[in-house]
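Visitor: Before we start, here is the structure in question, set down as structure tokens.
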Amino acid sequence: MAVERLRDELRQSVATQRAATTRAEQAEARLRKVELSGATAEQSQQKISGQAAEIERLRHEVSVLKDHLNESMRRLREESTEFNLDKRVITNLVVGFLALPYGDSKRYEILQLMSSILQFSEEQQEKVGLIRKAGRRVPVQSSPGTPASESSTANGDTKDSFSDQWISFLLRESSSTRTRQSGSS
């Protein structure tokens, strides 16, 4: 009986040991899963914090860019469109002026037009020869108030080019604007 009892205890001990081993193996497997999940969670947490930092940096950059845009828009609104000239118009006037022969009356008209568009001061007009020192305008074949098309029609020449007509129109407009500005001052 003592042997039987010892055998029973041995069997129970072996069964208990097997159960304990199984539970230990299961616990180790769960521990590995938890560790793996913990590592994955830690990596995910690092990614999240990195992305949060990137979002914050981009928000700051957007804020700075928005400030720059607002400042540029403010400056643009403050600048008067009166002083914004089309480079093509000025280029065409300068080229037209330089292309004409020296004695041509159109040179004077183009020079007057450029003076009007660029709002030359009296000193500047004097330097380019539009005003003499005594304050009189330089004489030309057509009077400054008379457009080139009217003076040429009076002479019987009706073959003005489009550019001549355009210059005449601009001269009429600038002299009427100048007259209105002088009258309102």
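Visitor: Please specify each residue of the stretch 55-102 satisfying the condition of being modelled with pLDDT under 90 and among the small types (Gly, Ala, Ser).
Guide: If the condition is that a residue be modelled with pLDDT under 90 and among the small types (Gly, Ala, Ser), then Ser72, Ser80, Gly96, Ala99 are the ones that fit.
Visitor: Pairs needed: first member in the stretch 42-57, among the hydroxyl-bearing types (Ser, Thr, Tyr); second member anywhere, open to solvent by less than 60 Å² (accessible area, probe 1.4 Å); C-beta distance under 9 Å; at least 6 residues apart or different chains.
Guide: Once the first residue is among the hydroxyl-bearing types (Ser, Thr, Tyr) and sits in the stretch 42-57, no partner that is open to solvent by less than 60 Å² (accessible area, probe 1.4 Å) comes close enough.
Visitor: Right, next: Taking interchain pairs and intrachain pairs at least six residues apart, which have beta carbon atoms under 6 angstrom, with the first residue in the stretch 107-124 and under 12 Å from Ser175 (Cα atoms) and the second among the polar types (S, T, N, Q) and at pLDDT below 85?
Guide: Within 6 Å, the pairs are Ser116/Ser174.
Visitor: Is it the case that some residue within the stretch 93-116 is surrounded by 11 or more Cβ atoms within 10 Å (Cβ to Cβ) and of a type in the set (Asp, Glu)?
Guide: Yes.
Visitor: Can you name every residue in the stretch 117-127 that is assigned to a helix (DSSP H, G or I) and either buried (at least 17 other Cβ atoms within 10 Å of the Cβ) or in contact with a helix residue (DSSP H, G or I) (Cβ under 6 Å, 6 or more places away or on another chain) (or both)? Outline the logic, then answer.
Guide: In the first step, residues of the stretch 117-127 are kept if they are assigned to a helix (DSSP H, G or I); the result is 117, 122-127.
Matches in the stretch 117-127: Gln125 only.
The values are calculated or read from the model by the stated rules, or taken from the named source; none is laboratory data. As the structure is a computational prediction, the values presented were derived from the model and not from experiment. Ideal geometry is used to build each Cβ from the backbone, glycine not excepted, and the neighbour counts take in all protein chains shown. The accessibility values were calculated without ligands, DNA or RNA, using every heavy atom of the protein model including side chains. Shrake-Rupley method; radii C 1.70, N 1.55, O 1.52, S 1.80 Å.
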